[in-house]
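The values are calculated or read from the model by the stated rules, or taken from the named source; none is laboratory data. Please read these numbers as outputs of a predicted model, since none were measured by experiment. Positions of Cβ are backbone-derived with ideal geometry, glycine not excepted, and every protein chain shown enters the neighbour counts. SASA here: full protein model, heavy atoms, side chains in, ligands and nucleic acids out. Shrake-Rupley method; radii C 1.70, N 1.55, O 1.52, S 1.80 Å.
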Amino acid sequence: MCGIFGCILKRGRAAPLIHAALKRLEYRGYDSVGEATLRDQQLFIKKDAGKIDAVHAIRNLDDLPGRIGVGHTRWATHGAPLQINAHPQSGCSDPPRIAVVHNGIIENFAELKKELEDRGHRFKSKTDTETIAHLIEENLKKRQTEPSEDVYSGFRSAVAGAVDRLVGSYAVAAVCTQEPDKIVCARNESPLVLGIADDAYYFASDIPAFLPLTNKVVYVENGELVTLSKKGFEITKLVDGSTVVRTPKLVDWTPRMAEKQGYPHFMLKEIHEQPRCLRDTLRLQEKYLELLTTFLDRAREVIMVACGTSYHACLAASYMFSKLSFLATHPVIASEFTEQHGKSVNIDSTILAVSQSGETADTLAAVETARQRAATILGLTNGVGSTLTRVSRVYIGQQSGPEIGVAATKTFTSQLSVLSQLAIRLGKKRGKISQEEIDLLDEKIEEIPDIVEKIVETQSKKVQSLAKKHRSKECFFFLGRGISYATALEGRLKLMEIAYMPSIAFPAGESKHGPISLVEPGFPVIFVCPPDETRRTLIGNIMEMKARGASVIAVCEEGDDEIMQLADDYIEITKGIPEVLSPIPYVVPLQLFAYHMALERGCDPDMPRNLAKSVTVK
Ligand code: G6P
């Protein structure tokens with residue numbers, strides 16, 4: 001996730017305005033920043049790695065000349081946070097004639113890059129975005145030499161032709177010295193809005209970028225091309241060039257509300273962002289997934305280290321790897337790693353470190369212990385450019401964008417999605433699962449983002465009323481069997497950390513070995529019950545709880561009448577989700593439950609007491 005912004009002003013200079021707008025978009029990403037402005041058919045670009053204030057202190061982002069410009073604040077996906085990878089990106093020409101800013105992921109960039117390199121283009125960065133600049137450059141060249149029957153002409157046609165070649169998600173904007181009075185933007189899946197003022201036109205990833213300047217907003221839809229000029233904005237459909245007439249809408253958000261896109265809390269916004277983040281995990285670079293799979297395949301032993309929510313992702317992954325690829329993995333809480341495995345880890349060990357931030361001290365300490373004993377380090381993180389990416393032999397960036405709520409939500413489901421993709425690949429490589437099973441898993445993993453979207457849409461009200469009903473309870477149980485034990489642990493962690501509710505999670509089979517002694521009439525027990533092989537036994541555990549008067553809440557498959565009749569309350573999850581993917585949709589109602597319980601109990605879900613988003617001390 002990155003932030004893009006640009007403007008065409010009738011008076012004044014664009015650069016300071018772009019700088020200020022990028023500051024307001026910093027919550028979308030903050031590892032690099034850049035601006036490009038146009039004056040007298042000349043392009044002026046400044047960009048560097050680092051947070052906006054740090055880059056401004058060194059480079060002064062305000063002194064670029066001109067009334068037209070674009071800017072970008074980056075959350076690295078392709079290529080580390082380095083100056084060369086910061087946006088704007090340009091083509092081959094020197095001095096640059098094209099500047100492109102982009103938010104999204106271009107899935108087919110490797111093929112496009114190869115094709116363009118074969119045509120003589122030279123690439124400077126590791127970004128997918130640079131491909132767009134070269135495509136535009138190539139189109140401009142072609143259109144000068146070959147007559148075109150395009151509906152668009154000139155620069156607009158070159159941008160339309162470029163985005164036509166892209167597979168993936170993008171909100172992209174480009175400027176060019178050849179037509180220095182225009183900005184051309186296009187959208188597919190990544191957000192793009194226009195701001196309309198009397199003396200200026202803006203485009204941005206999000207409304208807060210221009211909210212202090214105007215509250216007149218035009219929403220750009222997927223498959224649309226926008227041309228901004230001093231005369232106004234023109235929207236056309238990319239597919240046929242037909243004009244779209246759309247009148248601006250007035251928004252009455254405060255800047256703080258706008259940052260949260262109208263949601264009362266970042267946590268709720270991030271829960272709602274999950275479908276989009278999950279879609280992005282399906283666009284990861286093939287070569288890194290393949291490389292990681294190869295390392296896992298060759299490993300003598302695989303130890304997964306992580307803390308908090310990331311540990312729960314590892315625990316779920318241990319079931320995935322075992323079931324799909326017959327690979328035994330050991331999920332270990334990072335702070336215990338040195339004591340538990342410090343002496344046994346060796347050159348034949350492979351460590352898969354999972355950390356949203358890539359900076360958690362305990363996880364990095366575990367990695368260091370393993371590194372000193374010559375183990376191979378693999379990483380999965382949301383922090384490209386983080387310490388974990390630097391110490392890993394190979395890493396994958398999960399591409400969830402910044403998560404601001406302290407409680408991890410979207411980053412957890414994205415971790416699960418990446419780990420399940422690795423387990424499926426490994427199963428395939430090792431010949432442990434049938435083609436039929438692979439096809440089904442591939443099909444279902446594509447459906448998961450829509451399923452999560454549906455759960456959030458249809459179950460939120462019900463979850464909210466459950467939170468009301470149980471707000472005064474003193475303790476909760478979260479129970480699951482098999483992979484759902486990991487889901488139960490995560491549901492319990494959410495409730496405990498943001499609603500300060502003492503909660504216990506354990507494998508349902510363990511009830512009778514102790515915890516059941518706590519149960520008395522009305523005691524709330526949440527069961528995670530997807531219809532997998534454990535369902536029958538789990539029903540037995542539900543009965544045991546019911547017999548002692550527990551108030552049972554079941555998260556179960558829609559139409560599972562037997563469980564629905566046993567439970568006092570239930571939340572329904574779409575049918576037909578394979579067991580190994582079930583933690584992704586089944587955790588969503590538990591995230592929502594924790595959120596609403598926090599509100600019911602007067603707690604701030606975004607900033608729970610005593611906790612930090614990233615714990616950089618041991
Ligand atoms: C803190 C956060 C948790 C997170 C854990 C691990 O405790 O509050 O939400 O799961 O750290 O963080 P990491 O960045 O390593 O995933």
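Taking the range 397-413 only, how many residues are touching an Asp or Glu at 6+ places or on another chain (Cβ under 7 Å) and either in a helix (DSSP H, G or I) or not assigned by TED's automatic domain parsing to the domain that holds Pro449 (or both)? Number satisfying all stated conditions: 3. Looking at the range 178-228, which of its residues are charged (D, E, K, R) and part of a loop (DSSP other than H, G, I, E, B)? Scanning the range 178-228 gives Glu179, Asp181, Lys182, Glu189, Asp198, Asp199, Asp206, Glu221. When each of Leu213, Leu194 is tested for being touching a Phe, Trp or Tyr at 6+ places or on another chain (Cβ under 8 Å) and open to solvent by less than 60 Å² (accessible area, probe 1.4 Å), the lone residue that passes is Leu194. Looking only at residues of the range 331-349 that are open to solvent by less than 10 Å² (accessible area, probe 1.4 Å) and not in a loop (DSSP other than H, G, I, E, B), we find that the one that is nearest to the ligand (Cβ to nearest atom) is Ala334. In the range 375-385, which residue that is open to solvent by less than 10 Å² (accessible area, probe 1.4 Å) and more than 9 Å from the ligand (Cβ to nearest atom) is farthest from Cys603 (Cα to Cα)? Selected residue: Ile377. Within the range 414-434, the set of residues being open to solvent by 10 Å² or more (accessible area, probe 1.4 Å) and either farther than 17 Å from Ala299 by Cα or touching an Asp or Glu at 6+ places or on another chain (Cβ under 6 Å) (or both) comprises Gln421, Lys429, Ile433, Ser434. Taking the conditions (1) open to solvent by less than 20 Å² (accessible area, probe 1.4 Å); (2) within 27 Å of Ile438 (Cβ to Cβ); (3) touching a residue at least 60 places away in the same chain (Cβ under 8 Å) in turn, Pro605 satisfies each one other than (2).
Got at least one residue in the range 531-542 being closer than 25 Å to Gln415 by Cβ, among the β-branched types (Val, Ile, Thr) and touching a residue at least 24 places away in the same chain (Cβ under 8 Å)? Yes, the range 531-542 contains a residue that is closer than 25 Å to Gln415 by Cβ, among the β-branched types (Val, Ile, Thr) and touching a residue at least 24 places away in the same chain (Cβ under 8 Å). Of all the listed residues (Asp199, Asp252), the sole one being touching a strand residue (DSSP E or B) at 6+ places or on another chain (Cβ under 9 Å) and charged (D, E, K, R) is Asp199. Determine whether the range 545-559 contains at least one residue that is among the charged types (D, E, K, R) and surrounded by 21 or more Cβ atoms within 10 Å (Cβ to Cβ). Yes, the range 545-559 has at least one match.
Only a single criterion out of (1) in contact with a helix residue (DSSP H, G or I) (Cβ under 8 Å, 6 or more places away or on another chain); (2) more than 14 Å from the ligand (Cβ to nearest atom) is not satisfied by Val354, namely (2). Scanning the range 517-533 for residues that are in a helix (DSSP H, G or I), within 16 Å of the ligand (Cβ to nearest atom) and not small (Gly, Ala, Ser) turns up nothing.
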